[in-house]
Each structure stands twice: as C-alpha cells, then as structure tokens.
Amino acid sequence: MDKILIKKKPEKSLLRPLRKTGGRGRDGRITVRHRGGGVKRRYRLIDFGEAKLGIAKVKAIEYDPNRTTYIALLGYPDGSKSYILAPDGMKVDDEIIYSEKAPISIGNRMKLKNIPVGTFVYNIELEPGRGGKIARAAGNSCQVLAQEDKYTHLKMPSTEIKKVLMECFASIGQLSNSQHRFQKIGKAGRARLRGRRPTVRGTAMPVSAHPHGGGEGKTGIGLKHPKTPWGKPALGVKTRKRKKWTNKYMISRRKRKKSKS
C-alpha cells in the first residue's frame with residue numbers, strides 16, 4: 001500500500017487547525033499523563049458517514065498524521081471533495097459507490113442488511129445516520145456472521161460478537177496499513193516527535209508517589225498484583241461497566257488470555 005501513496009500537499013479546504021492540550025482538561029489539570037510537545041500538524045476532515053450518496057472517484061491516497069490508517073481523497077461529480085478512510089486494495093482512479101444497496105466491492109458503502117454473510121466490513125455505524133464508530137484503525141475490520149430479525153451479527157476485531165441494527169451503514173473491505181502494528185519507534189526522539197513524554201517506573205518513585213515505590217535499592221513492587229498510581233488494580237483487570245446499556249447487544253464476550261499464575 002505504501003507504494004501507491006501520493007506525495008502531495010493535503011486538500012486545503014479539508015484542513016483545520018489542531019490545538020494541543022498537553023494531556024490537560026478544561027480546568028488545566030493533567031487528565032492523561034505523558035503527553036506534550038510533538039510536531040505541529042493539522043486535522044484532516046474525514047467523512048465517517050455517507051454525506052453524499054452516489055458515485056465518487058478516488059483522486060489520491062494520502063498519509064494522515066492523526067490516524068494509523070491511510071486516507072483517500074474523493075472527487076464527486078458536482079466538483080466537491082472529501083476524505084475517507086482508505087481500505088486495503090484501493091487505488092487512484094477507482095470508483096466507489098455510496099448507496100443503500102451496491103455491488104460487494106472494496107470501498108463501497110451500503111446498509112448492513114444488504115451485505116452477505118462472511119463479508120468483511122469497516123467504519124460501521126452504531127446508530128443510523130451518526131457516522132462510523134467501529135473498526136476505524138489500521139488493518140481493522142469486522143466480519144458479518146448472520147442477519148437476524150432487525151440486527152446484523154458482527155465479529156469485532158476483539159473477537160467479541162455484537163448485534164448492530166441492519167439499517168446502519170458500513171464499508172466493504174479491510175482498512176489499509178495493516179503493517180502498522182509491527183512498526184518500531186526505534187528511539188526516544190521519535191516518541192517525543194509524536195507528543196509522548198517520558199514515563200517513569202513506579203518502582204523508581206518514592207512510596208508517597210506510587211504504590212510500587214519505596215525500598216532500598218532496586219526492589220520489586222512489593223505487592224501481589226500491580227496497581228496504578230492511585231491504588232487501583234492494573235494489568236489484566238476488567239474495566240467494562242457491568243451494567244452498561246450496550247450489554248443487551250452483546251452475544252459473545254471477547255476471548256481473554258488465561259494468566260500463567
């Protein structure tokens with residue numbers, strides 16, 4: 001896929017300024033640690049939904065610094081343009097169709113009820129007309145397992161099986177840049193360019209700053225299970241709310257690795 005990336009300036013009308021937060025919330029306090037700095041970049045406006053139904057032509061496939069997958073620039077018959085998430089196998093000059101029902105071809109977007117069982121889809125809506133929310137990262141896709149009543153059964157990238165309304169739109173294929181997961185940062189400087197600040201081990205902190213801290217010399221965490229800086233359990237602990245409203249749409253939970261202990 002890298003060979004067909006177009007080296008061009010991004011579409012100016014689809015760019016917006018991206019303000020950095022440094023991991024701080026509205027009150028100025030750090031809510032997400034280890035963020036700050038990084039290369040200045042602009043946001044590309046992505047059409048996650050189906051703003052225009054009909055046929056569009058792929059003008060370019062570009063790199064987006066704000067996401068892991070590549071993006072495609074579409075041109076419409078009326079002269080307007082938009083960015084979408086680019087699936088694997090999409091090429092310049094390809095034509096894609098946005099319609100309630102369309103041919104099963106890479107990049108085409110249609111309603112789930114018209115997609116055959118076994119097809120891989122991405123950028124899937126959870127609520128009709130609200131835009132794609134599921135499977136939007138590099139190499140991701142969901143598989144259509146069944147069509148039942150007014151729901152489509154989808155196998156998520158996490159192996160979880162979930163029901164989604166048939167009236168929701170989804171795009172055909174698997175997202176591009178699947179090799180992203182094997183990428184190695186290589187050095188600390190590259191991490192800083194991405195906006196990642198240094199991380200200090202809990203065991204290297206004083207006991208007043210972290211539950212793992214304290215002790216003479218280099219010691220272990222001194223606990224049966226690791227904890228966060230705020231004393232909550234970490235690593236391998238379920239974080240999903242037990243009474244979450246979306247539980248009724250879940251058919252099968254994700255497969256969890258068994259701990260060696």
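Where a number appears in this text, it was derived from the coordinates with a stated rule and is not lab data. Only a predicted model underlies this, so the values are computations on that prediction, with no experimental measurement involved. Note: ideal-geometry Cβ built from the backbone for every residue, glycine included; neighbour counts use all protein chains shown.
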Considering the Cα trace of the chain, what is its radius of gyration and what is Dmax, both in angstroms?
22.0, 71
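For the stretch 131-191, what is the convex hull volume of the alpha-carbon atoms per residue, in Å³?
Working: hull volume 6.4 nm³, N = 61.
Dividing the Cα hull volume of the stretch 131-191 by its residue count gives 104 Å³.
When 1/r is averaged over all different Cα pairs and the result inverted, which Kirkwood radius in Å belongs to the stretch 1-146?
Working: mean 1/r = 0.0592 Å⁻¹.
This gives a value of 16.9 Å.
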Percent antiparallel among DSSP beta bridges confined to the stretch 2-178, rounded to 5, stands at 95 percent
Run the helix sum for the chain: -39,500 (n - 2.57) per DSSP H stretch of 4+ residues, divided by residue count, reported at 222 nm to the nearest 500 deg cm²/dmol.
-500 deg cm²/dmol
Order by protection proxy (mean Cβ within 10 Å, highest first), peptides 227-234, 175-182:
175-182, 227-234
Along the positive direction of the dipole of the chain (beta-carbon charges: Lys, Arg +1; Asp, Glu -1; about the Cα centre), which of V39, Q174, L73 reaches farthest?
V39
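Report the trypsin sites (Lys or Arg not before Pro) located in the stretch 1-51 that are in a DSSP loop and have at most 16 other Cβ atoms inside 10 Å of their Cβ, or state none.
Details: sites: K3, K7, K8, K12, R19, K20, R24, R26, R29, R33, R35, K40, R41, R42, R44; in loops: K7, K8, R19, K20, R26, R29, R33, K40, R41.
Those satisfying the criteria are K7, K8, R19, K20, R26, R29, R33, K40, R41.
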If the only charges are +1 at each Lys and Arg Cβ and -1 at each Asp and Glu Cβ, what is the size of the charge dipole of the chain around the Cα centre, to the nearest 20 debye?
1820 debye
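Which of the residue pairs K40/K238; K12/K113; K133/K232; K187/K218 have a Cα-Cα distance greater than 27 Å in the structure shown?
Working: K40/K238 36 Å; K12/K113 36 Å; K133/K232 29 Å; K187/K218 25 Å.
Those over the limit are K40/K238; K12/K113; K133/K232.
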